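The values are calculated or read from the model by the stated rules, or taken from the named source; none is laboratory data. All figures in this text were calculated on a predicted structure; none of them were measured in a lab. Virtual Cβ from ideal backbone geometry, glycine too; neighbours counted across all protein chains shown. Remember, those area values only see protein heavy atoms, side chains included, never the ligands or the DNA or RNA. Shrake-Rupley method; radii C 1.70, N 1.55, O 1.52, S 1.80 Å.
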Amino acid sequence: MNIIMLGVPGAGKGTISKELHEKYNLPHISTGDIFRENIKNNTELGKLAKSYIDTGKLVPDDVTINIVVDRLKREDCKDGFILDGFPRNIIQADGLKKALSANNKKIDVVILVDGDVDKIIKRLSGRRVCEKCGTPYHIETLRPKVDGVCDTCGGKIIQRKDDSEEVILDRINVYNEQTKPLIDYYKKDNLLKSVDGLAKIEDVVKQVEDITGLR
Ligand code: AP5
Ligand code: MG
């Protein structure tokens, strides 16, 4: 199953994708995670992406589309994948559609992780992530077993630099202007389904399972 996770920053795209990856072994492809990994390793891509990410702007479309198209060619994507945070505008969505159809593939479903934006923003300020593997945590609702240490890989848990109040607002503006139009885009293709991102994590996962038939 080929899935896109769509939603405002902090909606839970990464959290739910990770759960689905662990349960169903579908590759979890997060463009944000790919950029952060490159920033950490100080690669050329990382140097380019950093200036955009730190200010909440989108990394240029050509760069981003090429990364995803390359990643989707890997063997592990042949039976399905979860795209988290991509596409983020119409240009990226068109680019994805073209690349998939060239390989006789298509998106099966677009999951909109939905919910009251004010509540989601509030939740974002409590987010922490593993510096090493990107696993998301929350200071109240999703704490690691050992304070400051990632359950998955033992890495250090930090706050993302772009989770400052100012950059969160910039990211929301970018979402409203550029990403929100994808809701209608995928509605027209009859692919859009919504889940309640403010429900308990296991309930959101269940909603996705009901929609996709994953069991
Ligand atoms: P990206 O990393 O994709 O960030 P984002 O879209 O802003 O989304 P977030 O990761 O902040 O939120 P999320 O929905 O994954 O929420 P999470 O699961 O962590 O992108 C970062 C930057 O990279 C962009 O600003 C841009 O610069 C660049 N970029 C990325 N993709 C790009 C693209 N395609 N094109 C161009 N540029 C791109 O959850 C949030 C918090 O809530 C966590 O603490 C979590 O524990 C908690 N939580 C989640 N769900 C629940 C729940 N149901 N109940 C309780 N707590 C929950
Ligand atoms: Mg994320």
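Points worth noting:
- Note on ARG215 and CYS133: their simple-model spin labels are 2.9 nm apart, each label 7 Å out from Cα toward Cβ.
- Listed residues TYR137, ILE65, SER51: farthest to the positive end of the dipole of the chain (Cβ charges): ILE65
- Accessible solvent surface per residue of segment 165-215, calculated while the other protein chains remain in place, 1.4 angstrom probe, Å²: 61
- Note on LEU198 and ASP79: their simple-model spin labels are 3.8 nm apart, each label 7 Å out from Cα toward Cβ.
- Taking the DSSP bridge list for segment 1-149 and keeping only pairs wholly inside it, about 30 percent are antiparallel.
- Ligands, DNA and RNA are left out, and with a 1.4 angstrom probe the accessible area of segment 1-160 is 51 Å² per residue.
- Inverse of mean 1/r across different Cα pairs in segment 34-175, Kirkwood, Å: 17.0
- ILE82 - accessible surface, heavy atoms, 1.4 Å probe, Å² rounded to 10: 0
- Directionally averaged shadow of segment 43-85, computed from the convex hull of its alpha-carbon atoms, nm²: 3.6
- Local net charge near ARG215, Cβ-Cβ under 15 Å (Lys/Arg +1, Asp/Glu -1): -3
- Put a plus charge on the Cβ of each Lys and Arg, a minus charge on the Cβ of each Asp and Glu, and nothing anywhere else: the dipole of segment 109-163 about its Cα centre is then about 200 debye.
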